[in-house]
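Okay, structure first, notes after.
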Amino acid sequence: MNSSTPTANGNDNKKFKGDRPPCSPSRVLHLRKIPSDVTEAEVISLGLPFGKVTNLLMLKGKSQAFLEMASEEAAVTMVNYYTPVTPHLRSQPIFIQYSNHRELKTDNLPNQARAQAALQAVSAVQSGSLALPGAPTNEGTVLPGQSPVLRIIIENLFYPVTLEVLHQIFSKFGTVLKIITFTKNNQFQALLQYADPLNAQYAKMALDGQNIYNACCTLRIDFSKLTSLNVKYNNDKSRDFTRLDLPSGDGHPSLEPPMAAAFGAPGIISSPYAGAAGFAPAIGFPQATGLSVPAVPGALGPLTITSSAVTGRMAIPGASGIPGNSVLLVTNLNPDLVTPHGLFILFGVYGDVHRVKIMFNKKENALVQMADANQAQLAMNHLSGQRLYGKVLRATLSKHQTVQLPREGQEDQGLTKDFSNSPLHRFKKPGSKNFQNIFPPSATLHLSNIPPSVTMDDLKNLFTEAGCSVKAFKFFQKDRKMALIQLGSVEEAIQALIELHNHDLGENHHLRVSFSKSTI
């Protein structure tokens, strides 16, 4: 590049040989260590969340670029943001600092056509005069009927992506009003509503195809046909940020096991730090297992999460299970008494069980597949260490992602069962009260759905015949359909729940049994 151009003339480059004194703030930023195959649009996307990008100069031979922001303030915000959280392009860390240049003059430079085209495309989107691919085309300047609602599908979901994570990522592109998350066709999806359709356009352009965490949790984004979302509950599945008065409906109790340390070069905006991040559910590795977590190279100390950083949670080497997995390995079962149905009922207290497989060659081990990772974590936390049929059950995350059904003609002895369409799932209905009534196993059971004709003695006899010693019993004063029954031990209560949940009490009433937090 000839040195007569009034732009970067290579001096910036020489100064890195020693520790260069930090420049005073400038709206021109100097980016180093850029991968050679990176596109102009990708470099621009680093600046987009912080404001308008007004110019770009790519020096591919030197793996550098200069990015000019519309204002010094935007550049300062960007540098401050990326100082603790190293940005990555194509999973390579990028280094950003202020340039000595106050502005970029690139008019007379060759090879600037692509940069200018990329900038024009971005500014057209920002001003709303461009129809994005996938968006309805238009004759006018702003897209008529362009929805402020994005539909987001997350592929390769190896780690749980919480509503908070989505809020943090998408808030960089404008005010997020509402988010609803759900699982459809076995894919984790979200609907997210911005205050303005422009923000939605802008976020789609910057984030579509990006990974949230390293090499996984890929965002696929398009515009929703809905133009506004109706959120009934504020909890971990849905939220209306404009209405803090909504009930929680079905909020899971938030789990706060110790955070797993984070490994690997992360995706969009995450930094590899072992963080005490305020996300539920973090992936728990109980400290008792004595896993030593190696120091993460380049990791920062425990950070409280900023409004924009996202942790990349990865598995700890040596821990067998996959974080974010919904399949549990259950060991130390009593092979003579355990059945797929029994495990389905017990684990079903903490989530919807889709499949159970008791190991053909080792019947004291089983795999239990839950509806999602939250539920698997919940079941593991509550059931591991409890006694069942005289043995202390152990539950850990499995290395299997699903439970395979036996092939035609394969001998299985009924040890593998698919319960995905069972009518006994407790958590199918969004907003179900069951979400609020998840408690650890206890000697006192909560009974419900009791028909008027069934008496206290009928129920006591039912439990005595199942081999339990009944210590106390009481109907709810306000609602005789419900009662508490206290048994001799937690183990008795677990076995009674397995045996008697869904027991036919006549008059088309099936008994509902769950663990109670109260005692009699």
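Each residue in region 353-388 was checked for being surrounded by fewer than 21 Cβ atoms within 10 Å (Cβ to Cβ) and under 20 Å from G414 (Cα atoms), and 9 of them qualify.
In region 504-515, the residues that are more than 14 Å from L346 (Cβ to Cβ) and open to solvent by less than 40 Å² (accessible area, probe 1.4 Å) reach residues that are in a strand (DSSP E or B) and not aliphatic (A, V, I, L, M) with C-beta atoms within less than 9 angstrom, at least six apart or across chains, in these pairs: L511/S448; L511/D504. Where strands (runs of 3 or more DSSP E) sit wholly within region 333-414, those with at least 2 residues that are touching a Lys or Arg at 6+ places or on another chain (Cβ under 6 Å) occupy 366-370.
Quick grid of which residues meet (1) acidic (D, E); (2) at pLDDT below 85; (3) closer than 22 Å to A118 by Cβ; (4) part of a helix (DSSP H, G or I):
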| site | (1), (2), (3), (4) |
| --- | --- |
| S147 | no, no, no, no |
| F158 | no, yes, no, no |
| G174 | no, yes, yes, no |
| K178 | no, no, no, no |
| L192 | no, no, no, no |
| A206 | no, yes, yes, yes |
| G209 | no, no, yes, no |
| L219 | no, no, yes, no |
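Tally up the residues in region 449-461 that are open to solvent by less than 30 Å² (accessible area, probe 1.4 Å) and either out of contact with any Phe, Trp or Tyr (no Cβ under 9 Å at 6 or more places or on another chain) or of a type in the set (F, W, Y) (or both), please. Residues meeting the conditions: 2. Only one of the numbered conditions (1) more than 25 Å from D236 (Cα to Cα); (2) touching a strand residue (DSSP E or B) at 6+ places or on another chain (Cβ under 6 Å) is violated by P441, and that is (1). In region 410-431, the residues that are at pLDDT below 85 form Cβ pairs under 9 Å with partners that are open to solvent by 100 Å² or more (accessible area, probe 1.4 Å) and of a type in the set (D, E, K, R), at six or more places apart or across chains, as follows: P430/K232; G431/K232.
Are any residues in region 103-120 out of contact with any strand residue (DSSP E or B) (no Cβ under 7 Å at 6 or more places or on another chain) and open to solvent by 70 Å² or more (accessible area, probe 1.4 Å), and if so, which ones? Result: K105, D107, N108, P110, N111, A113, R114, Q120. Just checking, does region 194-216 include any residue being buried (at least 19 other Cβ atoms within 10 Å of the Cβ), of a type in the set (S, T, N, Q) and in contact with a helix residue (DSSP H, G or I) (Cβ under 6 Å, 6 or more places away or on another chain)? Taking every residue of region 194-216 in turn, at least one turns out to be buried (at least 19 other Cβ atoms within 10 Å of the Cβ), of a type in the set (S, T, N, Q) and in contact with a helix residue (DSSP H, G or I) (Cβ under 6 Å, 6 or more places away or on another chain).
The values are calculated or read from the model by the stated rules, or taken from the named source; none is laboratory data. Fair warning: this is a prediction, and the values are worked out from it, not measured in the lab. When we count neighbours, we look across all protein chains shown, and the Cβ atoms used for this are built from the backbone with ideal geometry, even at glycine. Please note that ligands, DNA and RNA were not included when accessible areas were found on the heavy atoms of the full protein model with its side chains. Shrake-Rupley method; radii C 1.70, N 1.55, O 1.52, S 1.80 Å.
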